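What follows is a set of notes on a single structure, which appears directly below.
The values are calculated or read from the model by the stated rules, or taken from the named source; none is laboratory data. Remember, it's a predicted structure, so these values are computed and weren't measured experimentally. Cβ placement follows ideal geometry from the backbone for every residue including glycine, while neighbour counts extend to all protein chains displayed.
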Amino acid sequence: MVMELCFKKSFSVIGKEGSTEDGEGFIQKLWEEANSKFSEVAGLAKKDKHGNILGVWGAMSDISRSFSPWEDNFSKGLYLAGVEVVDEAEPPAGWVKWTIPSFQYAYTVADSANTFSEGITYLNDNKMELVGAVQEYNCPEDGQVYLFYPIGRVNEA
């Protein structure tokens with residue numbers, strides 16, 4: 001597994017929110033709903049200089065919305081299927097906005113069903129601590145899905 005390190009300052013995502021308490025398949029249902037109604041938030045999406053959307057996120061948080069890792073062996077938490085937006089953006093009715101704090105991340109391409117657990121093993125083997133919920137980034141530029149493992153919370157002052 002190849003892990004890279006990066007810093008990402010806080011950013012906002014507007015999307016459809018669900019919980020592991022919603023039952024099996026809830027993430028797929030969130031994406032279906034978000035994709036079917038994307039036109040409602042498309043104008044809020046952050047874009048590059050060519051007008052291309054910068055990022056689609058499967059954002060995650062613990063139930064308290066403090067962006068801590070999912071609980072009970074990563075089986076209990078919240079998920080937001082959405083798009084990165086400017087911080088001032090207001091979510092339309094039926095949508096939810098999260099502002100994810102600044103973190104230092106270790107990240108990797110999610111190229112198999114085992115990527116999440118392999119990433120956790122990598123962190124443990126390399127004496128890195130998971131300090132926040134793992135974030136899933138769908139990169140429009142290269143079509144890859146990446147998992148971002150927060151390994152340090154950063155205060156922006």
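Set side by side, the residues 67, 74, 7 differ, and just one is touching a strand residue (DSSP E or B) at 6+ places or on another chain (Cβ under 9 Å) and at positive phi, which is 67.
Within segment 32-84, the residues that satisfy the criterion of being among the hydroxyl-bearing types (Ser, Thr, Tyr) and closer than 26 Å to residue 114 by Cα are 61, 66, 68, 75, 79. Quick one: is residue 145 surrounded by 13 or more Cβ atoms within 10 Å (Cβ to Cβ), β-branched (Val, Ile, Thr) and in contact with a Cys (Cβ under 8 Å, 6 or more places away or on another chain)? In short, yes. If you go through segment 1-59 and pick out every residue that is part of a loop (DSSP other than H, G, I, E, B) and of a type outside the set (D, E, K, R), you end up with 12. Looking at 142, 125, just one residue is within 25 Å of residue 52 (Cα to Cα) and more than 13 Å from the chain's Cα centre (by Cα), and that residue is 142. Taking the criterion of being within 18 Å of residue 62 (Cα to Cα) and among the β-branched types (Val, Ile, Thr), the residues of segment 92-127 that qualify are 96, 99, 100, 120.
Mind telling me which of the residues 77, 58, 43, 51 ends up being of a type in the set (Gly, Ala, Ser) and under 12 Å from the mean Cα position of the chain (by Cα)? Being of a type in the set (Gly, Ala, Ser) and under 12 Å from the mean Cα position of the chain (by Cα) holds for just one of 77, 58, 43, 51, which is 58. Selection within segment 23-63: residues that are among the polar types (S, T, N, Q) and modelled with pLDDT of 95 or more. The member of this set that is surrounded by the fewest Cβ atoms within 10 Å (Cβ to Cβ) is 39.
Among the residues of segment 1-53, those identified as more than 24 Å from residue 93 (Cβ to Cβ) and in contact (Cβ under 8 Å) with a residue 24 or more places away in the chain are 1, 2, 3, 4, 5, 6, 7, 8, 9, 10, 20, 52. Taken as a whole, the structure places residue 105 among residues that are within 17 Å of residue 134 (Cβ to Cβ), touching a Phe, Trp or Tyr at 6+ places or on another chain (Cβ under 6 Å) and either crowded, with 16+ Cβ neighbours inside 10 Å or not small (Gly, Ala, Ser) (or both).
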